[in-house]
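Shown next, in structure tokens, is the structure this report addresses.
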Amino acid sequence: MTHHSTKVKKGLLLCLICLLSTFNILSAQEKKSITDIEKIYVHTDRDYYVLGEDLWYKAYVVNAYSHQLFDYSNVLYVELISPESKILARNKTLIQEGLGHGDFKLNDSIGAKPGRYQLRAYTNYSRNFGDDFIFEKDFEIIDVYQQFKTEETDLNADQAKAAKTIEAKENQIDIQFFPEGGSLVHNVPSAVAFKATDSYGNPVEVKGEIYDSNNQLVSLFLGVHNGMGKFQLKPQLGSNYYAKITTSSGLTFEKQLPEVIETGYLLSYKKYQNRDIVSIRTNAKTMAEQGGQVSISCNTRGINYLEGTQQLNKTVLSFELPTQRFTEGISQITLYDSKGLPQSERLVYIEKSQDLQVELSTDKNEYVIGEHVHLNLKSQTKSGDGVLASFSLSVADTNGSNLTNDYSSNICSHFLLESDIRGKIIDPGYYFDKRNKQRLAHLDLLLLTQGWRNFLWKTMPKPSADRYYEVEKGFEITGNVKQLFGQKPKVGLNLTLALMGEKGMNILNAETDSLGHFKFDELMFVGKTNMFLNSRNDRGKFRGEIVMNPFETKPMPANFSVKDSIFLEPVTTSEKIIENVYRKYASFGIAAENVLDAVEITATKKRESTSLHGIADFTYEVDENSPVVNDIYQFIQLTIPGTIVTNDTVRFMRFSGPAHIILDGFPLFTQADLDFVLPENVERIEAIKGPSAAIYGAEGANGVIAIYTKEGTTNTTEKKVFHSIKKEIEGFYAERTFYTPNPEEPDFEKDNKAAVRNTIFWSPYVHPDATGTAKVSFKNTKVETQAKVTLEGITASGIPVVKHAFYSIKK
């Protein structure tokens, strides 16, 4: 018996070698010119948060074809979307060399409540290619105080209703069959993959039998991974095949297989002795009718790596893919007939052996509470040379959960799988954990089923025909200037734009074109910024009416809706995690974040007496003893030492030119604008004559006078001004720094919260040096627990990396 089996195997191998030698005209095609497309991934510190916590993120923007960091767009919109599909918060994140970072406060100030949320990220340019290149990630916000209290008493009405709903739907099982290559062809042996799911889209393990029209058993099948599996079938024309299915819970039902077609071609793929073998199969009738000439095209992420034409002389022809030419990821093999029509398609995953070794380790496996951890990172070639890369690092309290086999989405699964296959993928991280010996075989099942009809790169993505979205290198302020009380454009007017924020002031100039249009582009500024825009003619006189276009880019419509989501999918955060977080908060006296200081007060408050310009040389605070005068000019002269007013011009005695006037943070380029400021509305005046005035450049050469008016007051003599616009606009998000306790400057409240926080440490930028090494140190919490270290990032050559480490914290 053994001797016969050996002979059969040798015969098959010899036959395969013969077949491989026949398909020798395929050749690698030179890469064609392709459209620049961005892929986005956002690494967050965790997947669930307690109400009131901070969400920290690092964004990676890469070229969709090479996966190398892409210096294209500089503005990334990162949004928090509620269960009701509302955008609660939106950060304009600065992207430089493909990298950026930021954070969100998940508290009442943005309307956050317990539930499932979505983090969404996109550039203006990526909107051209639809939803396929928009990053989306679901996460959960929990309120441990309310939630755990409910769990300690009894199921609430919603949970009870959900339990009944789950019970009612558990029999709603769906199974789909996917012939390899696309169709069942008469008398052509074929693999048929299947996928079984419940009403929530979760996998269901099944087994069953395949019967023909005569109710004769022709094959058996059994699910091997996440409800997926496959079986062999040699279909015959005129026979309708059906399956008898049995679930693990004992439910039985029947399902029809796809119909059998009379002629056609099929592609099949198999990994054989580390060789990637592709076979073309057909029947005699197809060859007689179509002549047997076929063409093959093979591409990865839209780039053709293989192309050729072959005359079939037999019903089976096999060849080996030259995968050394390919990049890692999903490849699409398409078979065309002699008329150039696609007949069959197969997706395969090409794994490459990378010259890269990334190691992440802690100096110890166990620490005492509050002790410092020293992390060591190596990013090197196999010969020990340093590999350039950018990583982000999260250290989280596991809160009693076993996250050793955490198969959630990560940078590897996103760039190499999820971003190329449409639809939800269960446990995407599983397929990139090399501890799983069957992961590539199971990944092939995923491509045979979910990839059978939902592959992203079937056609080269092209910008939407409806509207083209420009690449944003920065912000734009645009509009037009028209004739006052008319529509005629004002041509050749000078536009002056002043932007004043916490880091200083920037003044720019532009000129209207033949249509009266103006444009200030590639503007880079952070946070809330005062904008002042005016128009003048060549003699310096204010002219025209400025019509400014909206500054804010309109967000994409949000379609994330998980209303009554508890009826659609079970809650992801385990009760064990909720219980552990609640108990450690209670033991340290941490009150509900959303009730105390994390709430941002939006009511009107008294303006703090802090300067926008650093330390002023002189400050006058208005009170009941302030002088009563007729106009603002007299008021300045009486309250600010060393000032002179002549012909309604304010200057310092030490300078010959007029002082630069700032009104409530907005610069005035003509002192005549002061005519409309009432002295009784002034709260404070500052004089800046020294080095602090240098932040205004040439405008501050003669000193600066900053006037602050009382909030809630209006200048009753003010008139409508058409030639100037002043408003507050929002620039790039001013990201915060992850709080690190300082023993020399203790902060009881912050330090107490840090002692039990769920994210122990977060660093968005961990960059190895020239030798490929990096060291990171941080202080542990004061909770006895297990900690999980997650490192994600990408190398300069475009290789995504995920590494984990674990350690214990003991008393």
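A few points about this structure:
- For the chain, convex hull volume per residue from C-alpha positions, Å³: 244 Å³
- D (Stokes-Einstein, µm²/s), Kirkwood Cα radius, the stretch 472-537, 1.002 mPa s at 20 °C: 169 µm²/s
- Vicinal HN-Hα couplings computed from phi for the stretch 61-74 (Karplus, 6.51 cos²θ - 1.76 cosθ + 1.60; Hz; Gly/Pro x): 10, 10, 5, 4, 8, 9, 6, 7, 3, 10, 8, 10, 7, 10
- For Gly264, the amide hydrogen comes within under 5 Å of the amide hydrogens of Asn283, Thr286, counting only partners 5 or more places away or on other chains and with H modelled in the peptide plane.
- Extension reserve of the Leu356-Ser401 stretch, reckoned as 0.36 nm per residue once the Cα distance is removed: 13.1 nm
- ³J(HN,Hα) computed for each position of the stretch 548-560 - Karplus, 6.51 cos²θ - 1.76 cosθ + 1.60, integer Hz, glycine/proline x: 8, 6, x, 7, 6, 6, 5, x, 5, x, 9, 10, 8
- Charge tally for Tyr431 (other residues, Cβ to Cβ under 11 Å; Lys, Arg +1; Asp, Glu -1): -3.
- Shape call, the stretch 238-349: gyration tensor on alpha carbons, a/c limit 1.5: oblate
- Per-bin percent of Cα-Cα distances, the stretch 321-405 [10 Å]: 11, 24, 25, 18, 14, 6, 2, 0
- Once the Cα-Cα distance is subtracted from the 0.36 nm per residue extended length, the Ala770 to Lys473 segment shows a gain of 103.9 nm.
- Using the Karplus relation 6.51 cos²θ - 1.76 cosθ + 1.60 with θ = phi - 60°, the per-residue 3J(HN,Hα) values for the stretch 481-491 come to 10, 10, 5, 4, 6, x, 10, 5, x, 8, 9 Hz, with x marking Gly and Pro.
- Dimensionless Rg/Rh of the stretch 716-811 - Kirkwood Rh, Rg from C-alpha atoms: 1.23
- Spatial separation of Cα centroids for the stretch 655-715 and the stretch 436-499, in angstrom: 41 Å
- FRET efficiency, Ile426 to Asn509 (Cβ-Cβ, R0 56 Å, nearest 0.05): 0.50
- Charge sum, other residues only, whose C-beta stays under 13 Å from Met531's C-beta, Lys/Arg counted +1 and Asp/Glu -1: -2
- Probe 1.4 Å, all protein chains present, accessible-area order of Met228, Met524, Met460, largest first: Met524, Met460, Met228
- Against the chain, whose longest principal axis is taken from its Cα atoms, helix 439-449 shows a tilt of about 90°.
- Beta bridges per DSSP with both ends in the chain, % antiparallel, nearest 5: 95 percent
- Angle in degrees between helix 2-22 and the longest Cα principal axis of the chain, rounded to the nearest 10: 60 degrees
- Inter-label distance, nm, simple model (7 Å from Cα along the C-beta direction), Asp648/Gln487: 3.5 nm
- Measuring max minus min along each principal axis, the C-alpha atoms of the stretch 372-495 give extents of 74, 49, 39 Å (largest first).
- Relative contact order computed over the chain (Cα-Cα under 8 Å; 6+ residues apart), in percent: 16 percent
- Heavy-atom accessible area ranking, 1.4 Å probe, most first, across Phe319, Phe669: Phe669, Phe319
- Hits among aspartates and glutamates - C-alpha to C-alpha of Lys710 under 16 Å, sequence gap 8 or more where chains match: Glu608, Glu621, Asp623, Glu624, Asp664, Glu680, Glu683, Glu686, Glu718
- Here the chain exposes an accessible surface that is 49 percent carbon and sulfur, computed with a 1.4 Å probe and the other protein chains kept in place.
- Which listed pairs, of Lys424/Lys803; Lys92/Lys750; Lys113/Lys726; Lys270/Lys314, have C-alpha distances above 31 Å, in listed order: Lys113/Lys726
- Listed residues Leu674, Gly703, Phe732: farthest to the positive end of the dipole of the stretch 664-764 (Cβ charges): Phe732
- Charged neighbours of His225, selected by a Cβ distance under 14 Å, balance to +1 (K, R count +1; D, E count -1).
- Normalised per residue, the accessible area of the chain is 49 Å², obtained with a 1.4 Å probe and no contribution from ligands, DNA or RNA.
- Scanning residues 5 or more positions from Gly544 or on other chains, those with amide H under 5 Å from its amide H are Leu484, with H placed 1.01 Å from N in the peptide plane.
- Once Rg and the Kirkwood radius are both taken over the C-alpha atoms of the stretch 84-124, their ratio Rg/Rh works out to 1.00.
- Exposure ranking of Ser268, Ser413 by accessible area [1.4 Å probe, largest first]: Ser268, Ser413
The values are calculated or read from the model by the stated rules, or taken from the named source; none is laboratory data. Here the structure is a predicted model, which is why all the values come from computation and not from measurement. Neighbour counts run over all protein chains shown; Cβ positions are idealised from the backbone, glycine included. For accessibility, only protein heavy atoms count, side chains too; no ligands or nucleic acids. Shrake-Rupley method; radii C 1.70, N 1.55, O 1.52, S 1.80 Å.
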